[in-house]
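One structure below.
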Amino acid sequence: MTGAAADRLVAETGVPGLAGVPAPVALTGRTHWLKRLLRRPAAVVALVVIAGFVVTAVFAPWIAPQDPLAASFSEVRKPPSAAHWFGTDEIGRDIASRVVFGARASLLAGVVSVLISLAIGVPAGLLAGYAGGAIDMLLSRLTDALLACPFLILAIALSAFLGPSLTNAMIAIGISATPAFVRLARGTTLAVKAEDFVLAARAIGNAPWRIALRHVLPNIVPPLLVQATLAIAAAVIAEASLSFLGLGQQPPQPSWGSMLNTAKDYLDNAPWMALWPGLSIFLLVLSFNLVGDGLRDALDPREA
Amino acid sequence: MLTFVARRIATIVPTLVFVSMLIFGLQQLLPGDPAKVLAGEEQDPAVIAHLRATMHLDKPLPIRYLYWMRGVLHGDLGESQRSQQPVTTLIAEKLPVTLELACLAIIIALAIGIPAGVVAAVKRGSAWDYGASVFALWGLSTPNFWLGIMLILLFSVTLGWLPASGYVSPFENLRENLAAMIMPAFVLGNAIAAVLMRHTRSAMLQVLSQEYVRTARAKGVSERAVILQHALRNALIPIITLGALEFGTLLSGAVLTEQVFTIPGFGKLIVDAVFNRDYAVVQGVVLVTATAYIVLNFAADVAYAFVNPRIRLR
């Protein structure tokens, strides 16, 4: 894929930072790229932050100071204090506890929706790139059609028709993000297919599916990994956006997006309600973007 | 050039057909029988049968698609179940509001993104470059609805300088219109500025390493003229065409921004339609945005090929 094509991909998918996705690198570079990644301070800090969020999400019941659903009408909209570090919300729930539990919805949505995109996008892209001909034509046009619908608008439409829930939001985000993976997998497959070792594998009589899975697939993993990391960042924002619109996690279950939607109505007298959920989304998304950028540089053969 | 345009049109048509199939297919995800939903509480079999016939629900799926498509091609996107107005009327009513917001956002994005990208490329590796990449990361990682809320908190609630909501038509009162639009336009332009800055930086770096730039410097052209007249003018070509593709980001962002600032535009239309279960409106909005995106994409490609003949030969 040329640089311009990669840039176009970013522009079309709205997935940031995809420009200059590295050309496939040999598998033997595995230890090297991990080491190169860990040599980048920003990426290491970001990894630590992500690990912190994962721990928070997994151990939420032990970390949260209070029950995230327990309303208390004597404690309505109280500013941050020793008892409630982040303050309380419009029905007296502890915001710190809700932010802690909200990490679950965001991380789950980020990871699950990208897994959905990978599960559909990679086989489709591999098939289109490797088989070529009419199959490629059909899959490429289908991808173009999906790409033509703006990411969030498609996700909104899908979750509208599927019905509002966190599960449906993850499906909607996953499907909306799929075409970027199909394109990337197809493009890199085309590049790898032209390599001599694929020709050699074909010459000694390997079956096409075997060549695609054993020889091509491992070589298209690095760019997909970069794309997947950046797509998690986009998916976290998308889940927060859908929840903000009321199409994701349903109340009273906490989600950063829906907390912001409520907070918007109390900016006059409870501005702290809007601060923490937004800051958490920002921090988590920033970390995934930084790791994605770091991975891209670490996997770039030109940097080796 | 004509061959190039013809070839691009040949790929657009099947894409448009697929888009229409996808959008038509969305309604198949809905549970239940639409005729029974519309028939009300009595569930009179005669009424249901009549509705099924008028809505072509008694026909097989491909035939229903063709009926729907015939309507679309005649400019009939159906009727809003809530307001009983044609979907096209609703869209035509809301579109100008979003277009104004989008234009202002693009102006802001260009005003921030291009100078920042040029400076970052020219002073590569300096504190400016570092600052610009921090800005880009910030722009890409901040959820724009949160940025909007924070701006309202600062400029409307705390300082009281700008209204938090309340859209006024520019034909009524331009001053008030701009006062209400400046924050949402900034929120929307911010993320695109980050993308534009990245594109500008890489395009400038590429152009600055070209031989003609070295020649210009060698013959004594001032550095300012080299950067602005020789380098930027050439770097702008990919920036503008790539910028055109940010249209999708713009519309997605507009949905949230309009929600935060209660602006009665396209984005608010689709969100309200979702909550009113007004599916014809949802379909119409998606169809219009997707078609606009494809046409814009095509125009960008043609423009790119027009200024860069090498593209046409691919």
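The values are calculated or read from the model by the stated rules, or taken from the named source; none is laboratory data. In this text the structure is predicted, and so the values were computed from the model without any measurement. With ideal geometry, Cβ positions are generated from the backbone for all residues, glycine too; neighbour counts draw on all protein chains shown. Surface accessibility is based on the protein's heavy atoms, side chains included, excluding ligands, DNA and RNA. Shrake-Rupley method; radii C 1.70, N 1.55, O 1.52, S 1.80 Å.
Points worth noting:
- Set side by side, the residues B:269, B:256, B:232, B:242 differ, and just one is buried (at least 19 other Cβ atoms within 10 Å of the Cβ), part of a helix (DSSP H, G or I) and at pLDDT below 80, which is B:242.
- Single unsatisfied condition, residue B:132 versus (1) more than 10 Å from chain A (Cβ to nearest Cβ); (2) among the small types (Gly, Ala, Ser); (3) touching a Ser or Thr at 6+ places or on another chain (Cβ under 9 Å); (4) surrounded by 14 or more Cβ atoms within 10 Å (Cβ to Cβ): (3)
- Meeting the requirement of 1 or more residues that are more than 9 Å from chain B (Cβ to nearest Cβ) and within 23 Å of residue B:8 (Cα to Cα), the helices (runs of 4 or more DSSP H) wholly within region A:126-213 are A:133-148, A:166-193.
- Scanning region B:135-149 for residues that are more than 7 Å from chain A (Cβ to nearest Cβ) and open to solvent by 10 Å² or more (accessible area, probe 1.4 Å) returns B:135, B:138, B:144, B:147.
- Which numbered condition residue B:152 misses (of (1) open to solvent by 20 Å² or more (accessible area, probe 1.4 Å); (2) in contact (Cβ under 8 Å) with a residue 12 or more places away in the chain; (3) among the β-branched types (Val, Ile, Thr)): (1)
- Residue count for region A:263-274, restricted to those that are more than 8 Å from chain B (Cβ to nearest Cβ) and assigned to a helix (DSSP H, G or I): 4.
- Per this entry, residue B:290 is counted among residues that are at pLDDT 85 or above and buried (at least 22 other Cβ atoms within 10 Å of the Cβ).
- Taking region A:66-85 as the range and being surrounded by 18 or more Cβ atoms within 10 Å (Cβ to Cβ) and at pLDDT 80 or above as the test, only A:68 passes.
- In region A:245-261, the residue that is farthest from residue A:44 (Cα to Cα) out of those that are surrounded by fewer than 24 Cβ atoms within 10 Å (Cβ to Cβ) and within 11 Å of chain B (Cβ to nearest Cβ) is A:246.
- Test result for residue A:280, open to solvent by 10 Å² or more (accessible area, probe 1.4 Å), in a helix (DSSP H, G or I), at pLDDT 90 or above and within 14 Å of another protein chain (Cβ to nearest Cβ): yes
- When B:298, B:275 are screened for being at negative phi, free of Cβ contacts under 8 Å to residues at least 24 places away in the same chain, within 11 Å of another protein chain (Cβ to nearest Cβ) and surrounded by fewer than 19 Cβ atoms within 10 Å (Cβ to Cβ), only B:275 passes.
- Residues that are open to solvent by 60 Å² or more (accessible area, probe 1.4 Å) and touching a residue at least 60 places away in the same chain (Cβ under 8 Å), drawn from region B:7-26: B:9
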